[in-house]
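Values in this text are rule-based calculations from the coordinates and carry no lab data. Everything numeric here is computed off the predicted structure, so don't read it as measured data. All Cβ positions, glycine included, derive from the backbone under ideal geometry; neighbour counts span all protein chains shown.
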2 protein chains.
Amino acid sequence: MFTSRPVGFVSSPYKGASEVPKGLGAKHEADGVLRILPEFEVGLTDIEGFSHLVVLWEFDRSQGFELLGTPPSDDRAHGVFATRSPRRPNPIALTIVELLRREGGELHVRGIDMLDGTPILDIKPLLSSIAPEKLRRGWLAEAEVRRG
Amino acid sequence: MFTSRPVGFVSSPYKGASEVPKGLGAKHEADGVLRILPEFEVGLTDIEGFSHLVVLWEFDRSQGFELLGTPPSDDRAHGVFATRSPRRPNPIALTIVELLRREGGELHVRGIDMLDGTPILDIKPLLSSIAPEKLRRGWLAEAEVRRG
């Protein structure tokens, strides 16, 4: 087991949970910035080549967990592992964002649903699961071409 | 910040890291079981309706982190946030699996790349990013139909 540590923080237009679009058909098209702490900035090397990123972050304004709960998108209760509820045994959230551009330790992205100041735990490149014509895979695609 | 806790453990055919397929074109088609601890089993309610799950798990056999490293799929170094390296500031891994069936607290899945005994941190339904004809969305799709 481990204790989480922030590698950066989100700058978001959403200041409170009620402002984040939720429920059926909610679209997350807000632009924001993932501000990576200076000591982790080297870890962003070559991230520019990817079109989409998986952002893992902490539900830091949620307390405790609830195994069965009713989400905004339904009027029936479902298990926490079948929903995106913030009240989870490990308060880890996942958002897929589009990377617009990088400026040093700042990643300008589209599609955020985090609150302003949210701690970022991890960033991973999205390697599949996006329509191929919309996906770029940066250095990995280049490495594939080099290796034929 | 929080301290991670396992909600279950993976039963996998892979007993050592060298057995897990890695690198370019590596396919993860192994079947395995996500064994959820009895105290969290209620959290699985309605998970059967989803075809694919996002599994967050811990790189429990990895030590420390490396901001720049050379992955098996390339001969050049890249930033940790542009790779799937296990040596991350927060040792959280992500795998998308296909749910074959549920038996109580056991989820039989396809597509695992974890080692046997790996601690599971979280499970979330995959709601998009899979070709629509292959994706089922369980209670959410039903709720959408009910609401018209």
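Just to confirm the numbers: A:ASP31, label point 7 angstrom along the Cα-Cβ line, distances to the other copies in nm, shortest first?
A:ASP31 label point versus its equivalents elsewhere: 4.9 nm.
Over the Cα atoms, compute the radius of gyration (one decimal) and Dmax (the largest Cα-Cα distance, rounded to a whole number) for region B:1-104, in Å.
15.6, 46
Given A:LYS22/B:LYS124; A:LYS15/B:LYS124; A:LYS124/B:LYS22, which pairs have Cα atoms separated by over 20 Å?
A:LYS15/B:LYS124
Loop-only trypsin sites (Lys or Arg not before Pro) in region B:89-120, please: DSSP not H, G, I, E or B, and at most 12 other Cβ atoms within 10 Å.
Qualifying residues, ordered by number: none.
In nm, what does the list of distances from B:PRO13 to its counterparts in the other copies look like, shortest first, when each label sits 7 Å along Cα to Cβ?
Those label-point separations list as 4.9 nm.
Counting other beta carbons within 10 Å of each residue's own, what order do A:LYS124, A:LYS22 fall into, fewest first?
Result, fewest neighbours first: A:LYS22, A:LYS124.
Give the nm distances, rounded to one decimal, from B:ARG110 to the matching residue in every other copy, measuring between label points 7 Å along Cα toward the beta carbon; shortest first.
3.5
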